[in-house]
Structure formats: structure tokens, C-alpha cells
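Notes to accompany the following structure.
The values are calculated or read from the model by the stated rules, or taken from the named source; none is laboratory data. Given the structure is predicted, the values throughout are model-derived calculations rather than measurements. As a convention, Cβ positions derive from the backbone with ideal geometry for all residues, glycine included, and neighbour counts pool all protein chains shown. To get the accessible areas, we keep the full protein, side chains included, count just its heavy atoms, and leave off ligands, DNA and RNA. Shrake-Rupley method; radii C 1.70, N 1.55, O 1.52, S 1.80 Å.
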Amino acid sequence: MSADATPPLLPATEIRALRRRLLGWYAPRRRALPWRESPDSYRVWVSEVMLQQTRIAVVVPAYERFLARFPTLDALARAAEEDVLAAWSGLGYYRRARSLHRAAQVLAAAGETGFPADPERARALPGVGAYTAAAVLSIAHGRCLAAVDGNVVRVLSRLFCLGRPDSRQRPHADVAALLLDPRRPGDWNQALMELGQTVCTPRNPDCGGCPVRGHCRARAAGTVARYPQATPRRAAEVVRLAMLAVSDGAGSWLLERGVFPYLTHLWLPLTGAAESMPPGAVAVGEVRHAIVHRALRVQVLALRLSRARLRRMASAGAPGSRRVFTVEEIGAIGRSSLLTKVLRLAQGATGRSAPDQPASR
Ligand code: SF4
């Protein structure tokens, strides 16, 4: 069967058989994950946001830390953004944490204590797209909405020899809606995603152990390797800039916020063009860092100053934009792994330790 962008016609008997097989496979294999202990919509929501672009093994400890600190939507809404970002440390992609925080504030202001059960209200929240809304609503509220992530696209592409999905995830979203078990939408969505994570993996899928192999068109045609069809990659834009790591040589570092163009909410070393760096700064090497479609090439310079000059330099920036941190304080804030990489490189020149690497990326 060749790739086709239109949804396949599926007989009701096949749909029922697929549901039976996949849910039967999932029941005994369902992994015990902390957000599955109770279908509380706030907890499910936090887990779904964390799981986007982050592996389960990294998410589990971060999720438990986050929930211990913000056990309810109200606690999250009332927290300072700085504390939320600190609790997100190690997960990366801090934009997710800021959107989650803002959405919690919107809901708390409306007197809500959990994720809304209405799809339109859910989709109107900051950071909540079609996937997150469908996943949380189906798992926590039992709503009949198919959640289509990369795993689901891969499984459906292979099962039905589907071509690349369009910008609205079609035809995969239509097929997923057709297959969704209306009696157990949350379990169905999780089962399909788990099949993609553990069996129908990107490379070397375990077709012999697959519960739906008898329905798989690509397997029957011997064309599994052709699916999912690759999306043309957008070439990364190379961005060159310089960062100045300023220290007193006794464990304090000067950081600023709001200047670095792609991570304006995070504390980072002073950023600018290499030519604009002060005299006395020593070039110590280059750090490479990827942010979405950008490949950063950061020339790192180091400068050691007295404590008094470090503080004077801190007060020279816009109000609130610069601050002197100890290594321990840096360890406790939400931070990009870019900061850790730069300070690690600079520490040799300034003679003091840098914070540990965050867990992700
Ligand atoms: Fe994926 Fe293989 Fe199962 Fe088809 S048979 S759905 S390719 S694991």
C-alpha cells in the first residue's frame, strides 16, 4: 500500500479488534508513574507539560519535587515566578514552566482548583495546545479527545501507511479520533503512546512483540522502515555572540537577566559582542548550545574583579537586571544548561567552582 494523506476506511470490526488488543496489552504493562496514582487534573496537567520534550526518567524525580513544593493549583498560582523556575531546574525549556504558572494564575483568579473540563476553555490557557488539552481532558476528565503526539503519529503512520501529517496533524488526528475507545479515552490515549514509546520505537520496532501487528499495513507490505515519512529539517541558524563570566575569584559570579535574546527570563553571564567586552577580559574558549532552531556559538570571556568592583558592576545595569550570586545560590535557581557550561569553562580562569550540570540535555 502506498502512502496516502486521506484517512483509511476502517471497518467497525477492525476498530473493535484494535481497541481490544491494545487495551489488553496495556493493562498489565501500565507503568506505575506518580501522576497515575490519582487522576487529579492538576497533577496530570503538570506531568503532561513536563513530558513534552523530556524523557520519563528525568521527569519522575522533577515531578515529585515540583508537586511537593506546589501541591495544588492554588499553591502554584501564588508562587513567585523565580521559585517556579527554580523548581523546574533540570527539565529545560523554561517557557513551559512560565506558561504553566501563568495558566495556573488565570484559573486561580477564576476560582478554579484544577484543569478545566471544557476543551475551549482549556485551549485558551497559556501554553495549552491541542495535544496537552486532549491528553489532560481524556485522562483526568474522561473526555473523548484523541491525543496525538509524535509517538502516535509514528504508530498510525506505520499501521495504516499514512503520509506526513499536515499542520493540523491530519490525517493522523482523524484516524486517532476514529480509533479512540469512547469508554476509556484516557487509557486508550496512554496505551497508544506507550506502544510508540516501548514497542513501535523510531528505530528497530519490535514488530514480533507488537499487540496490533496483525493490523499493521506497513508490516504486511514490508515497508515499516519507510514510516513515518521524514519531515524536511529546517537548517539551524548559527548565532555568534560573547558572554563575559565575571567573578571575584571567591565563589561569587555576576549574572544578568533580560539581555540575552532567547532566554530573557533566565540569569546568564553578561552577553554582547566580543568587541564590547571590557579590557582585561580573557578569552577562555567557545561553548556550543542549541535553542530550538538556533545553533549558538558563544565565545566565553572571563574577568576576575575585587568584590567591591563586582558589586559596582552589578549596580551599573538596569534596575533589577544584574545580581551577584554565590555558587550555592546559582545551584538553587532555575537555570539554563548554557549558564553551567559557560561558568564551567570560565572557572579555570577565575579559580573557583561552577554549579553542577542540570539533569536534562
Ligand atoms: Fe509498529 Fe511493527 Fe507494530 Fe506495525 S507491527 S505498529 S510497525 S511495532
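In the set (1) away from the ligand (no atom under 16 Å from the Cβ); (2) buried (at least 23 other Cβ atoms within 10 Å of the Cβ); (3) over 24 Å from the mean Cα position of the chain (by Cα), Leu137 fails one condition alone, (3). Pull up segment 14-52, narrow it to residues that are in a loop (DSSP other than H, G, I, E, B) and closer than 22 Å to Phe70 by Cα, then point me to the one that is modelled with the highest pLDDT. So the residue we want is Asp40. From the residues in segment 209-222 that are out of contact with any helix residue (DSSP H, G or I) (no Cβ under 7 Å at 6 or more places or on another chain) and under 22 Å from Pro11 (Cβ atoms), which one is nearest to the ligand (Cβ to nearest atom)? Step by step, filter segment 209-222, then rank; the result is Cys210. Taking segment 178-192 only, how many residues are under 26 Å from the mean Cα position of the chain (by Cα) and more than 12 Å from the ligand (Cβ to nearest atom)? Of the residues in that region, 8 qualify.
Within segment 234-272, the set of residues being free of Cβ contacts under 8 Å to residues at least 40 places away in the same chain and open to solvent by less than 10 Å² (accessible area, probe 1.4 Å) comprises Phe260 only. For segment 308-346, the tally of residues that are in contact with a Ser or Thr (Cβ under 6 Å, 6 or more places away or on another chain) and of a type in the set (A, V, I, L, M, F, W, C) stands at 2.
Residue selection: His265 fails the criterion of being at negative phi and within 16 Å of the ligand (Cβ to nearest atom). Reported count of residues in segment 152-171, each being modelled with pLDDT under 95, within 16 Å of the ligand (Cβ to nearest atom) and within 29 Å of Pro39 (Cα to Cα), is 0. Restricting Val46, Val84 to residues that are in contact with a helix residue (DSSP H, G or I) (Cβ under 9 Å, 6 or more places away or on another chain), surrounded by 16 or more Cβ atoms within 10 Å (Cβ to Cβ), closer than 26 Å to Gln190 by Cα and not small (Gly, Ala, Ser) narrows the list to Val46.
Counting the residues of segment 193-208 that are open to solvent by less than 30 Å² (accessible area, probe 1.4 Å), in a helix (DSSP H, G or I) and near the ligand (Cβ under 10 Å from one of its atoms) gives 2.
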